[in-house]
Amino acid sequence: MIKLVSDTIDRSDINSLIEWLSNDNIPRLTKGDLTVSLEKKWAEKIGTKYSVFVNSGSSSILLTLAALKYTNRLKNNKVVVPSLSWATDLSSPMLLGLDPILCDCNLNDLSCDLDHLEEIFKTESPSVLILVSVLGLVPDMNRIIELCKKYNVLLLEDVCESMGSKYKGEYLGTFGLASFFSMYFGHHLSTIEGGFINTNDEDLYYTLLMMRSHGWTRDLPIEQQKEYKDKYRVSDFEALYNFYLPGFNLRSTDLQAFIGLRAIDKLDNYADLRNKNFKYYLNAIKNSELNIRSNHDDYISNFAMPILNKNRTSIIENLVKNNIECRPLIAGNLANKPFWYENFREVYMKNCDLIDKYGFYIPNHQDLTKDQLDKIIKIINNE
């Protein structure tokens, strides 16, 4: 079996975890000092001031949108979501009572179609764009940043599939107000379950810490805790169970942080292997109708290789017959999913409909061999 993903937690990680758990003094397992160390290490790795560790990449989207909503940082309730993205990019604004607007994809890097995006910005004047960098491919960040500035739109980057990808030498996830990363099994790195929110905005960072944990201030620096107590005339005793914002419990654990501290050290090597495989695929695959753009100054830490072919059914049958895992190209067109059309009007997405009908992706991970790549390529090219 040539699997779609390969576990990034290895035997050495498990042995180290067992040793840590076997300590005579039982370590703290809930969120504690290791989580703080992990957040600091991840922020330094990506190149942002702050990072918040949560229980999933999906929770990072929900929490950030909630933080912006409940601190009145949105000019209106409109949020642009790519129609080619993951379910929780869309369900998060829906569940928060925001108004999602779907944007078509392009067929070069599979992120937002920039003509359609600007049309939405002009006509709808939304508050937020959730930009999804699809499968590690790199969007035209300069143009997207220009559009967001021109139309006063907050940029949030969903980098859950693109950990390690870079635009002009800078990691994706450093260009917007905040960014989202996933540490789920099968992604570039794993803490079993988990996710990060990265930001340079101190006020947003403090809000995220509060709303991650019920809306209290325990995770804030002492000075900020005192400001809240003084403002609302709260005693030290009352502050233990006082809540200043509506919050969740989206914390992860120190057990997962222990795994994460080791995982971060693997990113560069794994990203290089994924990039190498991607380039090999790009040069060898001739039977795809996508025109994948890879500028010389982009670095693509590819999550999986996207394919667009009108003979998808027969190709997939051949892949499955040869024990090669494959999947639909993310979720296809979210406008075609019941949770959208049962609640919102039908919309036509020209490019995303093509992806929905004829798109799929094939394996790319750090453990693929050249023979396995060649076997996959041969089937895709129908040789």
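The values are calculated or read from the model by the stated rules, or taken from the named source; none is laboratory data. Quantities reported herein were computed from a predicted structural model and do not represent experimental measurements. A quick note on method: Cβ atoms are made from the backbone with ideal geometry, for glycine too, and the neighbour counts reach across all protein chains shown. Ligands, DNA and RNA are stripped out before the accessible areas are found, and what is left, the full protein with its side chains, is counted by its heavy atoms. Shrake-Rupley method; radii C 1.70, N 1.55, O 1.52, S 1.80 Å.
Observations, loosely collected:
- Note on segment 54-88 and segment 123-141: Cα centroid distance 13 Å, given to the nearest whole angstrom.
- Taking 0.36 nm per residue of separation and subtracting the Cα-Cα distance, full extension of the segment from Lys49 to Glu346 would add 102.9 nm.
- Rg and Dmax of segment 33-108, both derived from C-alpha coordinates alone, stand at 14.8, 44 Å.
- Degrees separating the helix 33-46 axis from the principal Cα axis of the chain, which is the longest one: 50 degrees
- Pairwise alpha-carbon distances in segment 294-383 exceed 17 Å for 58% of all pairs.
- Per-pair calculated FRET efficiency, R0 = 35 Å: Asn77 and Ser22 via Cβ, rounded to 0.05: 0.10
- The relative contact order of segment 156-296 comes to 20 percent, based on Cα pairs under 8 Å that sit 6 or more residues apart.
- Dividing the mean sequence gap of close Cα pairs (under 8 Å, 6+ apart) by how many residues the chain holds gives a relative contact order of 23 percent.
- Rolling a 1.4 Å probe over the protein heavy atoms of the chain, with every protein chain left in place, gives an accessible area that is 48 percent carbon and sulfur.
- Accessible heavy-atom area order of Trp340, Trp20, highest first, probe of 1.4 Å: Trp20, Trp340
- Distance between segment 11-39 and segment 292-358 - C-alpha centres, whole angstrom: 39 Å
- Per-residue extension of 0.36 nm, minus the Cα-Cα distance of Asp272 and Thr30, leaves a gain of 83.8 nm for this segment.
- In straight-distance terms, cross-link reach from Lys337 covers every one of the lysines whose alpha-carbon lies under 30 Å from its own, apart from those fewer than eight places away in the same chain; here that gives Lys3, Lys69, Lys75, Lys78, Lys122, Lys310, Lys321, Lys350, Lys357.
- Bridging of Lys266 to lysines at a Cα separation below 19 Å is possible for Lys40, Lys41, Lys45, Lys166, Lys276, once same-chain residues fewer than 8 apart are set aside.
- Within the same chain, aspartates and glutamates fewer than 8 places from Lys378 are excluded, and of the rest, none has a Cα less than 13 Å from its Cα.
- Residues in segment 15-143 average 39 Å² of solvent-accessible surface per residue, probe 1.4 Å, ligands and nucleic acids excluded.
- Pairwise FRET efficiency - Arg218 versus Lys41, Cβ, R0 = 22 Å, nearest 0.05: 0.50
- On Cα atoms only, tilt of 254-263 relative to the major axis of the chain in degrees: 50 degrees
- Rg(Cα) / (2.2 N^0.38 Å) computed for segment 121-192, rounded to two decimals: 1.17
- Tail fraction, Cα-Cα pairs, segment 223-297, threshold 16 Å, whole percent: 73 percent
- The long axis of helix 222-232 is offset from the longest Cα principal axis of the chain by roughly 70 degrees.
- Tail beyond 19 Å, pair distance distribution of segment 72-125 (Cα, percent): 30 percent
- Using the Cβ-Cβ distance between Met1 and Lys370 with R0 set to 22 Å, the FRET efficiency from 1/(1 + (r/R0)^6) comes to roughly 0.80.
- Convex hull volume of the C-alpha atoms in segment 196-328, normalised per residue: 205 Å³.
- Length gained on full extension, Asn287 to Phe243, computed as 0.36 nm times the residue gap minus the Cα-Cα distance: 10.2 nm.
- Among (i) 26, 59, 15, 0; (ii) 23, 37, 22, 16, 2; (iii) 28, 56, 15, 1, the entry derived from the coordinates for P(r) over Cα pairs in 20 Å bins from 0, in percent: (iii)
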